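Colleague: Got a structure for you, written out below as structure tokens; questions coming shortly.
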Amino acid sequence: MPNPGSVFEGTYEAKQVQEERPDLAPTPAEYQTSVFSVKSFCANESGPCVASALVTYPDFVPPPAPQPVVLDFVDGRWIANLALPSFSCSTVSGTPLQASGWQVSSFEQADGVDDGSLITGTGVTHAGPPCLKEYSTAYTFTRTGPLDPVMVIPSPDELPPLVDSPGSALSGTYDLDLTPLPEPGNVNAQQVTESGNYQSSCTRTGDRCVSILDAETDILPTLEWADGAWSSDATYASAPCEDGSGQQQTTIRVSLTNNDASTSPAQALTGEVRKTYAGDCPGEVAWTIAATRTGD
């Protein structure tokens, strides 16, 4: 019996439908339908596979160059996690802000289908602070025929293997304890205790990951992993000073490391949160972070 991951092969019509919300711009019509030309490779009759695809947009004039996409078949699903160049948002007053962005996607065969002719799934776009936005896009892949021989698709068997990244170790439920550092500016800083569940997604090369906290808190909501540490660096829009003396702009920087890099999931992590205020009321406050895993 062939590996189930081998069935994602051929030419597909792909349709995407983004969720409708007042704060989201609709997907341009020319991007709503695309053509996926897909080749798959499975090294064994069971286990992981890799799919290599070229994406074209027939409704776009002039048509852009075909876009290469790689999907990995893991545990019955095709996944693709992409770090986006940037994400733009704005405040209620229209002040533009920039944040890091990710799209985390997962696809599987439709119910009752086992030949790869109909594949469905969802891509979730995450924007980190200061935007802190999340929305989903539904995808449907319908096979329309075999591969067009004019499409030169990168050979999936020549692609590097999926990397099991250390950045995926931030996974599960954690207690987060923030303790004010003994610094002059920390006079009014308070002890903070929260808990929540982190789920991490990594690029297939394993060099970057994103960890999303599901708790309703603005404490460490989104962290990115690279170079052995999780971090966040966000500058917020100007706001009134607490004493009413003018305007200030806040930058929040977070760093967090796994106390034992050999363990996954990470059981204990430590780091620092630092808030810097610029403008008419400058200052800085900081906390140490202790994150302790309490469950899945």
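Colleague: Can you find, within region 53-75, the residue that is surrounded by the fewest Cβ atoms within 10 Å (Cβ to Cβ) among those that are of a type in the set (Asp, Glu) and in contact with a strand residue (DSSP E or B) (Cβ under 9 Å, 6 or more places away or on another chain)?
Modeller: Going through region 53-75, the residues of a type in the set (Asp, Glu) turn out to be 59, 72, 75.
Narrowing the set further to residues that are in contact with a strand residue (DSSP E or B) (Cβ under 9 Å, 6 or more places away or on another chain) leaves 59, 72.
Numbers: 59: 12, 72: 18.
Here the residue is 59.
Colleague: What is the number of the single condition among (1) in a helix (DSSP H, G or I); (2) loosely packed, with under 12 Cβ neighbours inside 10 Å that residue 44 does not meet?
Modeller: (1)
Colleague: Moving on. Does residue 224 fit the bill of being surrounded by 15 or more Cβ atoms within 10 Å (Cβ to Cβ), acidic (Asp, Glu) and modelled with pLDDT under 95? Quick ask: steps written out before the conclusion?
Modeller: On the way: surrounded by 15 or more Cβ atoms within 10 Å (Cβ to Cβ): yes; acidic (Asp, Glu): yes; modelled with pLDDT under 95: no.
In short, no.
Colleague: Going through region 245-279 one residue at a time, which ones are of a type in the set (Asp, Glu) and either in a strand (DSSP E or B) or surrounded by 15 or more Cβ atoms within 10 Å (Cβ to Cβ) (or both)?
Modeller: Step one: of region 245-279, the residues of a type in the set (Asp, Glu) are 260, 272.
Listed by number, the list holds a single entry, 272.
Colleague: Can I ask one more? Of the residues that make up region 1-20, is at least one surrounded by 12 or more Cβ atoms within 10 Å (Cβ to Cβ), in contact with a Gly (Cβ under 6 Å, 6 or more places away or on another chain) and not in a loop (DSSP other than H, G, I, E, B)?
Modeller: Yes, region 1-20 contains at least one residue that is surrounded by 12 or more Cβ atoms within 10 Å (Cβ to Cβ), in contact with a Gly (Cβ under 6 Å, 6 or more places away or on another chain) and not in a loop (DSSP other than H, G, I, E, B).
Colleague: Collect the residues in region 145-192 that are at pLDDT below 95, loosely packed, with under 12 Cβ neighbours inside 10 Å and of a type in the set (S, T, N, Q), keeping them in residue-number order.
Modeller: 188, 190, 191
Colleague: Further question on the same structure: Restricting attention to region 268-296, which residues are under 16 Å from residue 180 (Cα atoms) and either of a type in the set (Gly, Ala, Ser) or touching a residue at least 60 places away in the same chain (Cβ under 8 Å) (or both)? Walk me through it before giving the result.
Modeller: Our first condition is that a residue be under 16 Å from residue 180 (Cα atoms); within region 268-296, this holds for 270-276, 283-291.
Residues satisfying the conditions are 271, 272, 273, 283, 284, 285, 286, 287, 288, 289, 290, 291.
Colleague: For the subset of region 193-232 comprising residues that are assigned to a loop (DSSP other than H, G, I, E, B) and without any contact (Cβ under 8 Å) to a residue 40 or more places away in the chain, which member is nearest to residue 255 (Cα to Cα)?
Modeller: Looking only at region 193-232, we keep the residues that are assigned to a loop (DSSP other than H, G, I, E, B), and these are 203-208, 214-221, 227-228.
Now drop any that are not without any contact (Cβ under 8 Å) to a residue 40 or more places away in the chain, which leaves 214-217, 227.
Values: 214: 19, 215: 19, 216: 20, 217: 18, 227: 12 Å.
Top of the filtered list is 227.
Colleague: Residues of region 189-225 being of a type in the set (A, V, I, L, M) and within 13 Å of the chain's Cα centre (by Cα), which ones?
Modeller: Filtering region 189-225 for residues of a type in the set (A, V, I, L, M) gives 189, 192, 210, 212-213, 215, 219-220, 223.
Within region 189-225, 210, 212, 213, 223 qualify.
The values are calculated or read from the model by the stated rules, or taken from the named source; none is laboratory data. These numbers were taken from a predicted model, which means no experiment stands behind them. Cβ atoms come from the backbone with ideal geometry, glycine included; neighbour counts cover every protein chain shown.
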